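Quick notes on the structure that follows.
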Amino acid sequence: MAVFSTIAAWVTAGFNALFANALVAQFGFYGAAGIGMAVGQTAAAAIAIGVSRLLAPKINIPVSEIQAVINQTEAARRIYVGRNLAGGIRAFFHTKSGTLYQLVVVNHGQINGFVAFWIDGEPVALDGNGVVTSTDKAGFVTVRTRNGSGQGGNYGILSSAFPATWDASRRLQGQATFLVTAKAPKAEDFAKVFPKASNTTYQWVIEGQAIYDPRSNTSAYGDNAALVIAHYLTHADGYRLASGEVDWSSVEAMADVADLPIPQKAGGTAPNLRLWGYWTLDEGPVDVLDRMHASSGIRAYETQNGKIGLIGGSFGTPATTLTAKDISSIVTKEAINEREGYNVLIPFFLSEDQSFTVTELEPWRDEDRLAEEGEVSAEYRMEMCPNQSQGRRLTKKQSHDDNRAKAEIVTNLVGLKARYPRFAGQRHTILLDYRPEDGSGRQIVGEYEVLNHQFDPINLECRIELAKVDRASEAWDPEEEGELIVAPPTPELDGPPELDAVVTQRIVNTTGTSAQAVIEVAAVPIPDRDDLEVQAEYRVLIPEVGPWRKMVSSGLIATSSAVNDVTIYNVRARWSGSFEGVDEWENLGNITIHVDATPPGQPTELIPSNGSGYVHLSWRNPTGAFARIRVYRNGANDFGTATMIGTTGGASGQISEYQDDTISPATTYYYWVVAANVSGVEGTPAGPASITTP
């Protein structure tokens, strides 16, 4: 298979220097992947003395530093892919009028979005304006964001507060940022709200950059491992390949492999291969690509058409079969033993449940070798692998790949058939059928993976490095994930007690014809907790949702201001007192306000009479209280479809009158009158009384 000459030329002085270095370091091009060292190839001397080795390069900025907010203005900028917990580089840090302003640069370039805001290692809730609404930071901290699509420094509140030091020239063009403003609480509450003072930790869970998918010809957020690697290869701040230099059909094939659903031990499925993480602008491309390969098993290589493609996944269909008549020499090496290699591989992956830290998984153990050898362990760090199943599957494959029989053969031109994989989206294998005609009895038969292929155009021969294939290494049972990594239990803190409260309405300011109501929340007292006070809020729910309004608290009672009659309100409440953090709001349900729910009595003696261009109505009001008399009219004897044409007052039990001036001549009308109380609740109507106009 051809070497990755385009990338090799950038990394070294050229193909010859790269290949010479490869021979010295004793690693091949891993099936035409001539960029970066093949993972798992290290000095034999270290293994011989039982020293644990690292199977993947470390990132140049550790996760702990990436997740922190640092003051290094010259620190390397970062570019994120997938989902990450990120801090950033502090670009501004100043106080004014009791407020601390911090502007943090998160990502170089645009990201897909800010998902969750964390303070001191815990996620907090935000309202639509970025104000923190949970924990003891509620109301004191506000955060604003810029996704990097334009200027990252254009925060109006910052330039208004510091016009002399932060003006329009502070653009931070193309930088994703967030601005935290923290208001100082009362002096007696400061230590509780901000125990770390100015060292309070602020972080965001972010979705990294949009990546291009050639299958749909669209760019969107995603973490498909093949597409992430292609994104790095073509990124202006990554490998910088032109689109025309990429074999996109190869990328598509690998993307399909990465999307395959894999059953999970916890239930359901997850995509086969994903990548979360970042690179920095001062990292070498070899390190970045090796880190991506270690976490996905996918590597870049030069395809048969001279472009850059991707190779990885499962062992593929053998490209050809080489026999003894094609092979001029063969050198074999048995599987690695305790003197060179390992029999216990300890994997690490990026665990979202462990606050996005690199977390150790159960070791992969070669029990057959352990029964005969002393334990020799190695670490396999997959710092961009976000899934436990993926991490354990890759560990099983890596253990197989590093501890298998090898062969190096020299062939005639028939060996050129073994130069490229038969199909994209799979690892490159061939079949060996070596049965010497001299009857020496030395037979080598089976499937082998092509690690390196070198063609000598002068002697017309091929030198091929091979490794034995055992397809059992690809078999997978979800139980092999081992003990599941889950989120640590939440510490048992002295939090707020359970709230038991009742919502009622109370009538106030009653007059003869009107009244008002207030909403009242009464909390059930908790024994021996004199520190507790109930806080409550209410909002209009119907006719349309309104903003939350605070109620006045006094011990176990909270009271609203006057509310509208015949209106539905939603009410919530929480405790305030001496406990850890801030209580969450509890929805107490809805209440419909009726100042008076009792219908008045029925009017009587309804009499219509014609006047000059009008109809005169008279009736006797009901005895008892009522607020208004409503007059209805219809052209048919149907109160259900009648229209209210007016209202009037009147005294209880007395005669009242109404004049209808909106009539037509020679028309029959039906009239009803009905009493209504202050809440608009109607009694039984009087009528109908019909009349025909002249």
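The values are calculated or read from the model by the stated rules, or taken from the named source; none is laboratory data. This one's a predicted model, so the numbers in the text were calculated from it and none came from an experiment. So basically every Cβ, Gly included, is an ideal-geometry build from the backbone, and we count neighbours across all protein chains shown. SASA here: full protein model, heavy atoms, side chains in, ligands and nucleic acids out. Shrake-Rupley method; radii C 1.70, N 1.55, O 1.52, S 1.80 Å.
If the condition is being surrounded by 14 or more Cβ atoms within 10 Å (Cβ to Cβ) and among the small types (G, A, S), then segment 151-179 contributes G152, G153, S159, A161, G174, A176.
Condition check ((1) hydroxyl-bearing (S, T, Y); (2) not in a strand (DSSP E or B)) across all residues:
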{"site": "V286", "(1), (2)": "no, yes"}
{"site": "A300", "(1), (2)": "no, no"}
{"site": "G313", "(1), (2)": "no, yes"}
{"site": "T317", "(1), (2)": "yes, yes"}
{"site": "K325", "(1), (2)": "no, yes"}
{"site": "I330", "(1), (2)": "no, no"}
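In segment 130-141, of all residues being free of Cβ contacts under 8 Å to residues at least 40 places away in the same chain and assigned to a strand (DSSP E or B), the one that is surrounded by the fewest Cβ atoms within 10 Å (Cβ to Cβ) corresponds to V131.
Condition check ((1) of a type in the set (A, V, I, L, M, F, W, C); (2) buried (at least 17 other Cβ atoms within 10 Å of the Cβ); (3) assigned to a loop (DSSP other than H, G, I, E, B)) across all residues:
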position	(1), (2), (3)
L606	yes, yes, no
S609	no, no, no
G613	no, no, yes
W619	yes, yes, no
T623	no, no, yes
F626	yes, yes, yes
I629	yes, yes, no
M644	yes, no, no
G653	no, no, yes
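Listed by position, the strands (runs of 3 or more DSSP E) contained in segment 409-507 that have at least 3 residues being charged (D, E, K, R) are 444-456, 461-468. Just one of the listed residues (S399, S389) is within 20 Å of F315 (Cβ to Cβ), in contact with a Phe, Trp or Tyr (Cβ under 6 Å, 6 or more places away or on another chain) and either free of Cβ contacts under 8 Å to residues at least 60 places away in the same chain or not in a strand (DSSP E or B) (or both), namely S399. Restricting attention to segment 597-628 and to residues that are among the hydroxyl-bearing types (S, T, Y) and over 60 Å from the mean Cα position of the chain (by Cα), the residue that is farthest from T693 (Cα to Cα) turns out to be T623. For segment 271-308, the set of residues classified as buried (at least 17 other Cβ atoms within 10 Å of the Cβ) and among the small types (G, A, S) consists of G277, A294, S295, S296, G297, A300, listed by residue number.
None of A407, A418, A467 is in contact with an Asp or Glu (Cβ under 6 Å, 6 or more places away or on another chain) and crowded, with 17+ Cβ neighbours inside 10 Å except A467. So, N84, is that one open to solvent by 30 Å² or more (accessible area, probe 1.4 Å) and touching a Gly at 6+ places or on another chain (Cβ under 7 Å) or not? When the stated conditions are applied, N84 does not pass them.
The numbered conditions (1) in contact (Cβ under 8 Å) with a residue 60 or more places away in the chain; (2) acidic (D, E); (3) touching a strand residue (DSSP E or B) at 6+ places or on another chain (Cβ under 7 Å) are all true for E580 except (3). If only residues of segment 572-596 that are within 27 Å of the chain's Cα centre (by Cα) and open to solvent by 40 Å² or more (accessible area, probe 1.4 Å) are counted, the one that is modelled with the lowest pLDDT is V582. Would you please name the residue that is least open to solvent (accessible area, probe 1.4 Å), looking only at residues in segment 212-237 that are under 16 Å from the mean Cα position of the chain (by Cα) and more than 24 Å from W118 (Cβ to Cβ)? Once the filter is applied, the top-ranked residue is N224.
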